[in-house]
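The values are calculated or read from the model by the stated rules, or taken from the named source; none is laboratory data. In this text, all values refer to a predicted model and were calculated from it rather than measured experimentally. FYI the Cβ positions are ideal-geometry reconstructions off the backbone, even for glycines, and counts take in every protein chain you see.
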Amino acid sequence: MHESSQFLQNEFHALNPEQLQAVHHKTGPALVLAGAGSGKTRVVASRIGALIADGVPPESIVGVTFTNKAAGEMKERVERFVGKNVLISTFHSLGALILRQTIDRLGYSRNFVIYDTEDTEKLLKALMKELFGGMAPFEVKEARAFITEAKNGLSRLADSDLDRLYTLYMERLKAFNALDFDDLLFLPVTLFASHPDILASFQAKWTHLLVDEYQDTNMAQYTLTRHLVEKSKNLFVVGDPDQSIYSWRGANIQNILNFERDYPGAAVFRLEQNYRSTETILSAANAVIQNNARRYEKNLWSTSIEGEKISIYGGASEGDEAQFVAKTVEHLHSNENIPLDEMVIFYRTNFQSRSFEDALIRKKIPYTIIGGLSFYQRKEIKDILSFLRLLEHPQDFISFLRVINTPKRGFGEQFLSKIIAIAKKSGRSVLELFTTCEEPPCHLSPKQKEGWLDFARIMKRLEEIKASQTLPELVRAAITETGYLSVIDADPETRQDRRENLSELIAKAAEWEEVHSQSSLAAFLEEITLATSTDYMDSSSSRLSLMTVHNGKGLEFQVVFLVGMEEDLFPHINSKDSEDKIEEERRLFYVGLTRAKRRLFISSVSYRHLWGGARHMRPSRFLFEIPFELRKRISHPPSLDGMH
DNA sequence: CGCGTCACTCATGAA
DNA sequence: GAGTGACGCG
């Protein structure tokens, strides 16, 4: 008997009969239809514990979650139950893990670099210029959207121009030894389909697969999963069709709805008891989601207290709305002792955060914005990381483009096309020309000549430091040895901020090296690129969180503010052309509502600054779907209730 | 030929 | 309010 078995006993004891059944499901496929707040994460963690207690080797279990944060928490939980380390990650990280061991079979090298959306768009833009000159038949963003759709949906492109671009794009990524986000799912599927021996080895290694948030899997994820469990059939998925909110990145709600058809003999468990929210909040959420036509019927219930009515606030402008929220937060914090990190502001689009920031700064309420432009997407961070990426991947042309003229070395478009041609002829990468040529291979102006020597010297120096020093030292060198500080100091407005961000980057590298015993630059870069926005939620300092409803998935708070509930914003204007999209917006609203444990404030305004001008706004149709008896109109924060 | 400025367009969600 | 392209200067 394990010494942790008492812990496990206690953990199981707290489960209700339905949860217990799911946890102790024997073998074969299983589907857990779990409503919001029904303890599904706990079921997955407990099941992993139960599998291990039953004698399944921990290294043959794989858990897939939607964010790295959820993965980390679940890992910790399992470790607490049974004292074993289990592989739990997101689909993208799992794809990277598979490819780091096998991608050479597809002609890439194992230390590939991962391109984010910005890198991808830069490459596509260059290729479109190459292919179509100034007359591309579509925009860069459109092209990227189509390519993403094709990869995630495992489908072909219909348009021949797009098809040419796609082919060239894949060729070029391979030449740069780079993968885009979608490749992390798409290439494992390709690999499994074409290399049965590799598939067989993973099937033998991973015999138990558990997937959380299954309603948001796309075709590539579905197929990857299917491949992995083909032999063992031990697939345990958990999800809620009512919370499917990612169709725009290829998620297919049919994956969960057709589970029983796709996996014959699947056991189905339903978790309908909600442990999170008050009766009022739950009834409102149930009533709202009833308006969706095609769904798996379910009814969440709880034994919780009735709770307060849902407060509806209507303001004149976004400034009003922000002030109302800030005042209410202040009141709840100081008069009702609700910690700031137990409250959240949810909005539909990232740009809405601005007015709230203003109001919170004025009231000196500490806050963090989750999502939007993340730390690692900032220009100065990406510039420095590009120097590092280039050390690891000399063929990475996109990173080369980023840093070759930073700071300005007099290298423009003409120079670049010349140097690319020379590199092509000599069969070397552009970077190699710099590091191996004694003399520049073409005519250069004095400034360019100096720049040439300077850049060559920088790369050699960084190379030495990489070989001899620690990771944080290397990051520091990429900032100081490259002349980057002069770039930053040129703008007194942003100087301070950017210097702080760069210090932060050095600190993150130091932190990373402490946690990971062997310091691999490639692994550090990978983790940074695959981080999810909620990964950066800091639980050590109590701050109010601001985020989009999409980012709120899987989280819960005592108090939720759902703001900007207006037609064309939520539901978003781009969703108006089809009933399916409106239903997805409604599910998103449902996700927002069900994050709240005790209190819910919903607000809308009549005028909002959008697209440069003031626009009249009408309250969202979703507001009227909340039963009248569950809501109350308020015009002031709770502290001022008695004044009118 | 490179670089800075200015007018102009455009605006969901994210690993 | 940010990113991009055209344009004219050095």
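Hey, among the residues in region A:341-364 that are away from DNA strand B (no atom under 16 Å from the Cβ) and in contact with a strand residue (DSSP E or B) (Cβ under 6 Å, 6 or more places away or on another chain), which one's modelled with the lowest pLDDT?
A:Leu360
Tally the residues that are free of Cβ contacts under 8 Å to residues at least 60 places away in the same chain and crowded, with 18+ Cβ neighbours inside 10 Å, restricting the search to region A:331-342.
Going through region A:331-342 one residue at a time, the tally reaches 1.
Would you please list the contacts, defined by Cβ atoms under 8 Å and residues six or more apart or on different chains, that run from a residue in region A:128-142 that is outside any helix (DSSP H, G or I) to a residue that is near DNA strand C (Cβ under 10 Å from one of its atoms) and among the basic types (Lys, Arg)?
A:Ala136/A:Lys129
In region A:394-411, is there at least one residue being more than 12 Å from DNA strand B (Cβ to nearest atom), aromatic (Phe, Trp, Tyr) and either closer than 17 Å to A:Lys125 by Cβ or surrounded by 19 or more Cβ atoms within 10 Å (Cβ to Cβ) (or both)?
Within region A:394-411, one or more residues are more than 12 Å from DNA strand B (Cβ to nearest atom), aromatic (Phe, Trp, Tyr) and either closer than 17 Å to A:Lys125 by Cβ or surrounded by 19 or more Cβ atoms within 10 Å (Cβ to Cβ) (or both).
Would you please name the residue that is modelled with the highest pLDDT, looking only at residues in region A:372-397 that are within 15 Å of DNA strand C (Cβ to nearest atom) and of a type in the set (S, T, N, Q)?
Applying the filter and picking the extreme gives A:Gln377.
Which members of region A:412-445 meet the condition of being within 16 Å of DNA strand B (Cβ to nearest atom), assigned to a helix (DSSP H, G or I) and either of a type in the set (Ser, Thr, Tyr) or within 19 Å of A:Ser486 (Cβ to Cβ) (or both)?
Of everything in region A:412-445, just one residue is within 16 Å of DNA strand B (Cβ to nearest atom), assigned to a helix (DSSP H, G or I) and either of a type in the set (Ser, Thr, Tyr) or within 19 Å of A:Ser486 (Cβ to Cβ) (or both), namely A:Ser417.
May I ask you to verify whether A:Ile381 is in contact with a strand residue (DSSP E or B) (Cβ under 8 Å, 6 or more places away or on another chain) and under 30 Å from A:Leu416 (Cβ atoms)?
Answer is no for this residue.
Taking region A:66-98 as the region of interest, how many residues are farther than 17 Å from A:Gln203 by Cβ, within 15 Å of DNA strand B (Cβ to nearest atom) and out of contact with any Gly (no Cβ under 8 Å at 6 or more places or on another chain)?
So the count comes out to 8.
Among (1) within 16 Å of DNA strand C (Cβ to nearest atom); (2) surrounded by 16 or more Cβ atoms within 10 Å (Cβ to Cβ), which single condition is A:Lys581 missing?
Unmet for A:Lys581, out of (1) within 16 Å of DNA strand C (Cβ to nearest atom); (2) surrounded by 16 or more Cβ atoms within 10 Å (Cβ to Cβ): (1).
Can you find a residue that is polar (S, T, N, Q), more than 22 Å from A:Leu224 (Cα to Cα), at pLDDT 85 or above and within 15 Å of DNA strand B (Cβ to nearest atom) anywhere in region A:160-167?
No, region A:160-167 contains no residue that is polar (S, T, N, Q), more than 22 Å from A:Leu224 (Cα to Cα), at pLDDT 85 or above and within 15 Å of DNA strand B (Cβ to nearest atom).
Report yes if A:Ser311 is in contact (Cβ under 8 Å) with a residue 24 or more places away in the chain, among the hydroxyl-bearing types (Ser, Thr, Tyr), in contact with a strand residue (DSSP E or B) (Cβ under 6 Å, 6 or more places away or on another chain) and closer than 27 Å to A:Ile582 by Cα, otherwise no.
For A:Ser311, the condition - in contact (Cβ under 8 Å) with a residue 24 or more places away in the chain, among the hydroxyl-bearing types (Ser, Thr, Tyr), in contact with a strand residue (DSSP E or B) (Cβ under 6 Å, 6 or more places away or on another chain) and closer than 27 Å to A:Ile582 by Cα - is met.
Please determine, by comparing only the residues of region A:384-393 that are touching a strand residue (DSSP E or B) at 6+ places or on another chain (Cβ under 9 Å) and crowded, with 22+ Cβ neighbours inside 10 Å, which one is nearest to A:Asn350 (Cα to Cα).
Ranking the qualifying residues of region A:384-393, first place goes to A:Arg389.
Which one of A:Lys205, A:Lys233 is touching a Pro at 6+ places or on another chain (Cβ under 7 Å), surrounded by fewer than 17 Cβ atoms within 10 Å (Cβ to Cβ) and basic (Lys, Arg)? Don't jump to the end; show me each part of the working.
Working: A:Lys205 fails: touching a Pro at 6+ places or on another chain (Cβ under 7 Å).
A:Lys233 is the lone residue from the list that is touching a Pro at 6+ places or on another chain (Cβ under 7 Å), surrounded by fewer than 17 Cβ atoms within 10 Å (Cβ to Cβ) and basic (Lys, Arg).
Which numbered condition trips up A:Leu332, out of (1) outside any helix (DSSP H, G or I); (2) at pLDDT 95 or above?
(1)
Could you please give the count of residues in region A:295-329 that are more than 30 Å from the chain's Cα centre (by Cα) and charged (D, E, K, R)?
Residues that pass the stated criteria total 5.
Please note which strands (runs of 3 or more DSSP E) are completely contained in region A:544-644 and include at least 2 residues that are away from DNA strand B (no atom under 16 Å from the Cβ), modelled with pLDDT under 95 and under 20 Å from A:Ser317 (Cα atoms).
A:596-605, A:631-634
Any residue at all in region A:559-578 that's among the charged types (D, E, K, R) and within 29 Å of A:Thr65 (Cα to Cα)?
No, every residue in region A:559-578 fails to be among the charged types (D, E, K, R) and within 29 Å of A:Thr65 (Cα to Cα).
Looking at (1) in contact with a Pro (Cβ under 8 Å, 6 or more places away or on another chain); (2) of a type outside the set (Asp, Glu); (3) buried (at least 23 other Cβ atoms within 10 Å of the Cβ), find the lone condition where A:Gln221 falls short.
Among (1) in contact with a Pro (Cβ under 8 Å, 6 or more places away or on another chain); (2) of a type outside the set (Asp, Glu); (3) buried (at least 23 other Cβ atoms within 10 Å of the Cβ), the lone unmet condition for A:Gln221 is (1).
Which members of region A:327-371 meet the condition of being within 16 Å of DNA strand C (Cβ to nearest atom), under 26 Å from A:Glu584 (Cβ atoms) and among the β-branched types (Val, Ile, Thr)?
A:Thr349, A:Ile369
Out of all the residues in region A:421-431, is one or more buried (at least 17 other Cβ atoms within 10 Å of the Cβ), over 17 Å from A:His393 (Cα atoms) and either modelled with pLDDT under 85 or within 16 Å of DNA strand C (Cβ to nearest atom) (or both)?
No, region A:421-431 contains no residue that is buried (at least 17 other Cβ atoms within 10 Å of the Cβ), over 17 Å from A:His393 (Cα atoms) and either modelled with pLDDT under 85 or within 16 Å of DNA strand C (Cβ to nearest atom) (or both).
Pairs, please: C-beta under 7 Å, at least 6 apart or cross-chain, first residue closer than 10 Å to A:Ile369 by Cβ and in region A:344-357, second assigned to a loop (DSSP other than H, G, I, E, B) and more than 14 Å from DNA strand C (Cβ to nearest atom)?
A:Ile345/A:Val563; A:Asn350/A:Gly371
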